[in-house]
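The values are calculated or read from the model by the stated rules, or taken from the named source; none is laboratory data. Note that the structure is predicted; figures quoted are calculated from it, not measured. Note: ideal-geometry Cβ built from the backbone for every residue, glycine included; neighbour counts use all protein chains shown. Side chains are part of the model used for accessible areas, which takes the heavy atoms of the whole protein and leaves out ligands, DNA and RNA. Shrake-Rupley method; radii C 1.70, N 1.55, O 1.52, S 1.80 Å.
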Amino acid sequence: SASIAGLVKSNLLVAQPDVLIGDCNIPRGSASLKRLSEDMIAAESIAVSGDNWPTWPRALPLLRIDHAWVRAATEVSSYHTFDGGISDHRGQAITITIPSSNTSPQP
């Protein structure tokens, strides 16, 4: 928690990002991931299409240690893991629509 607060204070991490995606090397349910993804939703859980397969090791995935989260109002059209052939992890691909912050009425 202190590390995350330090990153926000140093402007290396946005306090309220719309999307977080990456190689976390931690299975879902860890305290660190819960703190990092506060108030966010796992992208694969709300994707219109996609998968929620394990991501590591790439050749025979057994663990999901790579994650993607979105803010509640973000639409996730697709979330897929894929074998990019260049890492020991499967890659993640996500297609999203971020809601407009423009709250003025349209003419």
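Just so you know, in the range 89-101 the residues that are in contact with a strand residue (DSSP E or B) (Cβ under 7 Å, 6 or more places away or on another chain) and without any contact (Cβ under 8 Å) to a residue 40 or more places away in the chain include one that is surrounded by the most Cβ atoms within 10 Å (Cβ to Cβ), and it is Arg90. Out of Leu7, Leu12, one residue alone is without any contact (Cβ under 8 Å) to a residue 24 or more places away in the chain and part of a helix (DSSP H, G or I). It is Leu7. All conditions in (1) touching a strand residue (DSSP E or B) at 6+ places or on another chain (Cβ under 7 Å); (2) open to solvent by less than 60 Å² (accessible area, probe 1.4 Å) hold for Leu63, with the sole exception of (2). Please pick out the residue among Ser30, Ser3, Ser78, Ser49 that is open to solvent by 80 Å² or more (accessible area, probe 1.4 Å) and among the polar types (S, T, N, Q). That would be Ser3, the only listed residue that is open to solvent by 80 Å² or more (accessible area, probe 1.4 Å) and among the polar types (S, T, N, Q).
Number of residues in the range 56-87 that are under 12 Å from Met40 (Cβ atoms), assigned to a loop (DSSP other than H, G, I, E, B) and touching a Phe, Trp or Tyr at 6+ places or on another chain (Cβ under 9 Å): the value is 0.
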